[in-house]
Amino acid sequence: VERLPEQPHRPAAAVLGMGFIGMLAGQALQLKGYRVLGGDLRADRLFLAEMAGYADAVWQVPAPGGEALPEAFLRDECPVGRVDVACLTAVNAATLDLAARLVRDGGTILLLAGGSEDLALPANLLYY
């Protein structure tokens, strides 16, 4: 009986905001070997990102106040249940909070666009 080697963990990245910058970020992350999960409020952007190959899987982010964390989607798409990198192209308090909940312990949050408001991230969200 010959055992096949275990497949290495393919890192996952969530790109929040799949407009022009998000699609470029998705492409760059794919080139680095990441499985890209695209999230946006707009279904048309998600359709384009998936059809053009800029995202491996997509989910529609609900409006603020809705169920922000797609637990079932993450379980299906990420072996560890959270992403290694969360990349924000639309930065505001809601997306920053979502990114902190999406990323695994020890993961990375990238901010690719500035926000117009003062942003604060509670330390207990990151450490507890």
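The values are calculated or read from the model by the stated rules, or taken from the named source; none is laboratory data. All values reported here derive from a predicted model rather than from experimental measurement. Don't worry about glycine lacking a Cβ; one is built from the backbone with ideal geometry, like all the others, and counts go over all protein chains shown. Ligands, DNA and RNA are excluded from the accessible area calculation, which covers all protein heavy atoms including side chains. Shrake-Rupley method; radii C 1.70, N 1.55, O 1.52, S 1.80 Å.
When all protein chains stay in place and ligands, DNA and RNA are ignored, the 1.4 Å accessible-area order of Phe20, Phe47, largest first, is Phe20, Phe47.
Surface calculation, 1.4 Å probe, protein heavy atoms: Tyr34 sits at approximately 50 Å² accessible. Apply 1/(1 + (r/R0)^6) to the Cβ-Cβ distance of Gln60 and Leu31, taking R0 = 30 Å, and write down the FRET efficiency to the nearest 0.05. Once the sixth-power term is evaluated, E becomes 0.75. For trypsin sites (Lys or Arg not before Pro), the sites in region 6-50 that DSSP calls loop and that have at most 16 other Cβ atoms within 10 Å are Lys32, Arg42. Given their separation in residues at 0.36 nm each and the Cα-Cα distance between them, Leu111 and Leu24 gain 29.9 nm when the chain is fully extended. Residues Asp44, Asp56, Asp84, Asp105, sorted by accessible area with the largest first, give Asp105, Asp44, Asp56, Asp84 [1.4 Å probe; ligands and nucleic acids excluded].
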